[in-house]
1. When you look at residue 126, is it crowded, with 19+ Cβ neighbours inside 10 Å, outside any helix (DSSP H, G or I), under 11 Å from the mean Cα position of the chain (by Cα) and modelled with pLDDT under 95, yes or no?
2. If you go through segment 51-62 one residue at a time, how many are touching a strand residue (DSSP E or B) at 6+ places or on another chain (Cβ under 7 Å) and more than 24 Å from residue 109 (Cα to Cα)?
3. Residue 60 - would you say it is under 26 Å from residue 165 (Cβ atoms), without any contact (Cβ under 8 Å) to a residue 40 or more places away in the chain and within 13 Å of the chain's Cα centre (by Cα)?
4. Which of (1) in contact with a helix residue (DSSP H, G or I) (Cβ under 6 Å, 6 or more places away or on another chain); (2) closer than 16 Å to residue 4 by Cα does residue 79 not meet, given it meets every other one?
5. Look at segment 34-55 and say how many of its residues are at pLDDT below 95 and more than 13 Å from the chain's Cα centre (by Cα).
6. Just to verify a result, which residue in segment 160-174, among those that are touching a strand residue (DSSP E or B) at 6+ places or on another chain (Cβ under 9 Å) and farther than 11 Å from residue 118 by Cα, is modelled with the highest pLDDT?
7. Out of 117, 136, report the one residue that is at pLDDT 95 or above and either part of a helix (DSSP H, G or I) or under 16 Å from residue 75 (Cβ atoms) (or both).
8. From the list 75, 95, which residue is in contact (Cβ under 8 Å) with a residue 12 or more places away in the chain, surrounded by 14 or more Cβ atoms within 10 Å (Cβ to Cβ) and within 17 Å of residue 34 (Cβ to Cβ)?
């Protein structure tokens, strides 16, 4: 059984105003920084995308299949889980969490699946999770009814990560 890393980067970036995956953070595209944290934790990592537009970042791509809910953030999670084989599991980290570091990824890996990141106040970060392949049916059920990502994590154990590693960039800084 192995653990693989996935960085969903197929969103529309509407609030951000430009492609978040390409936004430079200290000179490095945000998706690359996030992928680097997974790789430094020892995980084979891919970007989960809706098209081939990020292939120049040099990270392997996994294309999301078309769903009726193309912009739902769970589409990338479902694609990641469906790509797993056997008893493999997935650590999923959205591309807009560029402050994540390998030690936090290792905490999720060590907690085992299913687990989900929480901050110091206990607030869930449902798109930052470690999930088994079998969790795909739960994610798909929530996706089909248009539910919230948090619903898809029902039953996952919370793993407290440092708040500084969980900063989510939904808008450009400044």
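1. On the way: crowded, with 19+ Cβ neighbours inside 10 Å: yes; outside any helix (DSSP H, G or I): yes; under 11 Å from the mean Cα position of the chain (by Cα): yes; modelled with pLDDT under 95: yes.
When the stated conditions are applied, residue 126 passes them.
2. The number of residues fulfilling the criteria is 4.
3. Numbers: under 26 Å from residue 165 (Cβ atoms): yes; without any contact (Cβ under 8 Å) to a residue 40 or more places away in the chain: yes; within 13 Å of the chain's Cα centre (by Cα): no.
No: the conditions fail for residue 60.
4. All conditions pass for residue 79, except number (1).
5. Here the count works out to 6.
6. First, pick out the residues of segment 160-174 that are touching a strand residue (DSSP E or B) at 6+ places or on another chain (Cβ under 9 Å): 160-161, 165-166, 168-169, 173.
Next, only the ones that are farther than 11 Å from residue 118 by Cα stay: 168-169, 173.
Values: 168: 76, 169: 66, 173: 63.
Within segment 160-174, the match that is modelled with the highest pLDDT is 168.
7. Values: 117 fails: either part of a helix (DSSP H, G or I) or under 16 Å from residue 75 (Cβ atoms) (or both).
On inspection, the qualifying residue turns out to be 136.
8. Numbers: 75 fails: within 17 Å of residue 34 (Cβ to Cβ).
Exactly one residue qualifies, and that residue is 95.
The values are calculated or read from the model by the stated rules, or taken from the named source; none is laboratory data. Note that this is a predicted model, so its numbers are computed, not measured. So basically every Cβ, Gly included, is an ideal-geometry build from the backbone, and we count neighbours across all protein chains shown.
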